[in-house]
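Structure first, then comments.
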Amino acid sequence: MMLSLRSVVLTPSLSKRSSEFWMSKRSMSTSSGRLVKNVLFLPPGIEAEEVSDQMILPGSNIVVGPYAGDSKIKQVEFVKSSSRPRECPVHQLPEFAFLGRSNVGKSSLINSLLRKKQLALTSKKPGKTQLINHFLVNKSWYIVDLPGYGFANAPEAARMDWSSFTKGYFLNRQTLVSVLLLIDGSVPPQKIDLDCANWLGRNNIPMTFVFTKCDKGKPAKGKRPDENVRNFQELLRDSYKQQPPWIMTSSATGLGRDELLLHMSQLRNYWDNE
């Protein structure tokens, strides 16, 4: 079963899978300053006029609703690595797929969420993850670690094959609740990330933008993470009448860890009850 979401105004990029989640415009703030007006992610059971600042997860546009539940990680086990979607575990449990550009900090974020230092293999060499890796959490749902896109050091055959086998997973996996698309918040928006977000949107794949490395201050030349987050959203403004949920994180400091798990819990619990 695929998660069905709803927005106030359905868009081609969110369509049927967006049919149960509502969105509302509010201005968001962070510790580093005021962000532009953003679209809030409103879960089922919440009316726009009911939202208070206390209900918005810090560093995000996500509102906590009645489906948010126990987000504690109690047990984790590695299940399987698959080289093709058809080889993935057969089950009826909800899945969250982690996707991002190579060296975005995907493995570090997964290890931080699960509080396991080496569960997802980290490496300074881009493209280390080249298989679909399933991790069973609390015996009730899965985290799926997908190969990073854009890696130049992987074998040529693997680079050529990434698109076909990973896209096949997105388009055919019936237990996929949401893609967590990781974006490096410490650098300006990258075209490859924008292209990936637009592809997911065009194919009606539910997603959350997870901005990583948001603990880093403003570099000598460049912008702060909150500025990069805002710029990324601005560049997608023409593609989305209403943008997906997003959250700022840091594996180094734990920023956004508990908030992201709470967001995942309400998506998962809604999926389980539909």
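Readers should treat all values here as calculations from the given coordinates under stated rules, not as data from a laboratory. In this text, all values refer to a predicted model and were calculated from it rather than measured experimentally. Note that we place each Cβ from the backbone using ideal geometry, even for glycine, and neighbour counts take in every protein chain shown.
Values as computed for the structure displayed
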item: Potential extension, Asp272-Glu234 segment - 0.36 nm per residue separation minus Cα distance; result: 10.3 nm
item: Violating pairs (Cα-Cα greater than 20 angstrom) within the set Lys106/Lys139; Lys72/Lys139; Lys167/Lys191; result: Lys106/Lys139
item: Two-site FRET efficiency, Asn172 against Asn138, from Cβ-Cβ distance with R₀ of 22 Å, rounded to 0.05; result: 0.30
item: Label-reachable residues, segment 58-73, where backbone N falls under 13 Å from a point 7 Å from Thr253's Cα toward its Cβ; result: 59
item: Inter-label distance for Lys72 and Leu194, nm, one decimal - labels placed 7 Å from Cα along Cα-to-Cβ; result: 4.4 nm
